[in-house]
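Everything below concerns the one structure shown next.
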Amino acid sequence: MTPEEVGARLTELLAAAGVADGVTAGVSAGNAYARAVVDVPADSWPAALTVARDRLGCDFFDWLSAVDELPEGFAVLAHLWSTAERFGVLVRTRLGRSEPSLPSVVDVYPGAAWHERETFEMFGIGFPGELPPLLLPPEFEGHPLRKEFILASRVAKPWPGAKEPGESESGSAKRAPVRPPGVPSPEEWGPAAHRAATAPEAAPGAED
């Protein structure tokens, strides 16, 4: 089946299973590697993946992750595959930024357990049950794949993207430094800000 046919078929199956409101289908980019993309409401997330497994024949769970879409919140996606028919489908749902959470699909695809833990760790999207850290130390604070997360290493040392390829510090071609998203000014956060905050004040009457 083509991606368009896969999306239309899953949409029909979801409607037959009582999941119709808020369901839309499209196709991802990628030309020959494009996939059907079916959007479902968050409260229908487990039901949609169950229909994809039992009715569409997607017997292989590939991965689950999220995308930070800033003001729009988060998109959570699961990529499923039919080993018999050799087609894939991306099932997607969207969550707001305030305390995002989803029902677990571990009962549908046991392999999703690792991915739900990673998505919680990296994006702060909650799932029921225990979600011990996978990649970060227990004392780590924050969710590093959120776009507002402060990239400390980019503040502590120069960012290579601040110069065009071929430019150097001694070259004549200079432009204003460019900070990547999520990095505050050195005067606001980081070693420079700490030095400024802890520097002793000059004594009254002292000469420069």
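The table below gives the values:
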{"quantity": "Anisotropy class of the stretch 3-123 from Cα gyration tensor, a/c 1.5 cut", "calculated": "rounded"}
{"quantity": "Total formal charge among the other residues, if their Cβ is under 13 angstrom from that of H143, Lys/Arg +1 and Asp/Glu -1", "calculated": "-2"}
{"quantity": "Nearest-0.05 FRET efficiency for S101 and F60, computed from C-beta distance (R0 25 Å)", "calculated": "0.45"}
{"quantity": "Neighbour-count order for Y109, Y33, fewest beta carbons within 10 angstrom listed first", "calculated": "Y33, Y109"}
{"quantity": "Extension reserve of the T2-Y33 stretch, reckoned as 0.36 nm per residue once the Cα distance is removed", "calculated": "10.1 nm"}
{"quantity": "Summed residue charge, Cβ within 15 Å of R55's Cβ, Lys/Arg positive, Asp/Glu negative", "calculated": "-3"}
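No lab work stands behind these numbers, since they all come straight from the coordinates. Predicted, not measured: the structure shown is a model, and the values here were computed from it. Here Cβ is always computed from backbone atoms with ideal geometry, including for glycine, and neighbour counts include all displayed protein chains.
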